[in-house]
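Right, one structure below, let's go through it.
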Amino acid sequence: MRGSMGAGEGYTRREFLRMSGRAGAGLALLSSVPYFLNGSAIAPEACVTRAQYLMGTVVTITAYGESRAHANEAISRAFDEMRRVDEMMSLYKPESDVSRLNRAAGREAIGVDSSVIEIIEHARSFTLATEGTFDISIEPLMELWGFRSQQSPHEMPTDTQIRNALETVGMKHVVVECAAQRAGLLNRHARIDLGGIAVGYSVDRAVEALRRAGVERAFINHSGDAYALGAPPERDGWEIGIPDPSCPSEMIATFRLHDRAASTSGNYEKYVTIDDSRVGHILDPHTGRPGRALLSATLLAPTALEADALSTGLFCKELNALQEAVKRSNCLEVFAVTEDNEQVSIRSTG
């Protein structure tokens, strides 16, 4: 699964500025500046770009407004929505609903925000859609492989340890009581991590905040998860670049996004070191081991929620299974790079 939200925030100003120029692990906004004609901008809208450190990474929002004040106010509201999601769903905040839920595992269901109930139910549907390769209950395996430890290098888990952890993984351990607005974990060793879906959820919430504020053109860029609202003036979309997983400073493909979300999953930037080898952070809930069929997968979908969850879940599928899953779906596109560096583009037939 994708890395969790809300990790440490020890970045220098130089690192922050460097990171804010990218979309993170898989996407780059290539240009957001309006075209100029005879020295004047074609459109009168004011373009504002701001970056903040949220959910363990740098989030960048570019928005066009009636004035700079209008665009700035809309962006502030969008950041507020993302911050609210992080407060509820971060694995790293002790008083978040997710942390409280994990501490209560095997004992009782607890009261949680309605948004947490909503996202758990979404997660359950994506688990079914991916035949189990997307699963928010993956956290025991993330801990086993060392992704929650500062120690390095890490030790290779034994087959027995992996089997034991797998017994605590599965949506069968996650229960919700919608009417009472409660959630619980049936197994005392079960844990959930919403990092592979809550990022997309937060992006969608931010998009709604921008729309409510009257913004019709904006781009939200959240560490490999993005949404393009409308398009910049005189353009048919926001131009996006996908880095080469073998050389992330180089773009392997570009495309334009308009009223659509994109999410990239890859094991080349988030990893632990075991026996002098890099072990990627996207684990297959079926095997308990890192997915290896792909180097990266970029998924385009109507919402950031879908793009986020499905790019993670589909990453662990072999190429043939990935192609079949996408073709059976609605309104999805995937650009994948296989372990042999083959580039594959797939569209749904629905």
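We did not get these values from a lab; they are worked out from the coordinates using the rules stated. It should be emphasised that the depicted structure is a prediction, and the values quoted were computed from it without experimental measurement. All Cβ positions, even for glycine, are placed from backbone atoms using ideal geometry, and neighbour counts span all protein chains on display.
Which order do the peptides 129-135, 105-111 take when ranked by the mean count of other beta-carbon atoms within 10 Å per residue, highest first? Mind dumping the intermediate values first?
Values: 129-135: 21.0, 105-111: 13.6.
Listed from highest to lowest mean packing, they are 129-135, 105-111.
Of the listed values [x] 66, 39, 38; [y] 69, 48, 45; [z] 73, 48, 40, identify the label whose number matches Cα extents along the principal axes in Å calculated from this model.
Answer label, from the structure shown: [y].
Would you please name the trypsin sites (Lys or Arg not before Pro) within the range 244-334 that are DSSP coil residues with at most 12 other C-beta atoms within 10 Å of their C-beta?
Qualifying residues, ordered by number: ARG328.
Need the list of lysines near LYS327 for cross-linking: C-alpha distance under 19 angstrom, and skip anything on the same chain fewer than eight residues off.
By straight Cα distance, LYS327 reaches LYS317.
Dipole size in debye (nearest 20) for the range 141-194 around its Cα centre, Lys and Arg Cβ +1, Asp and Glu Cβ -1? Don't skip to the end; give the middle numbers.
Numbers: 6 positive and 6 negative charges, 38 e Å.
Roughly 180 debye for the range 141-194.
For the range 311-350, list residues with backbone N below 12 Å from a point placed 7 Å from the Cα of ALA253 toward its Cβ?
333-338, 342-348
For the pair ILE110/LEU166, report the inter-label distance in nm, with labels modelled 7 Å from Cα in the Cβ direction.
It is 3.0 nm.
Defining a contact as two alpha carbons under 8 Å apart and six or more residues distant in sequence, what relative contact order in percent does the range 49-178 show?
14 percent.
Could you calculate the contour length gain from ARG289 to GLU95, that is, 0.36 nm times the residue separation minus the distance between their Cα atoms, to one decimal place in nm?
The span from ARG289 to GLU95 would gain 66.8 nm if fully extended.
Considering only ILE162, PHE79, ILE220, whose Cα is most displaced toward the positive end of the charge dipole of the chain, charges sitting on Cβ of Lys, Arg (+1) and Asp, Glu (-1)?
The residue sitting most towards the positive pole is PHE79.
Under 1.5 on a/c is rounded, so check that first for the range 58-179, then, if it is not, pick prolate when a/b is larger than b/c and oblate when it is not; a ≥ b ≥ c are the square roots of the alpha carbon gyration tensor eigenvalues.
prolate
Quote the relative contact order of the chain in percent (integer), defining contacts as alpha-carbon pairs under 8 Å separated by 6+ residues.
Relative contact order here is 20 percent.
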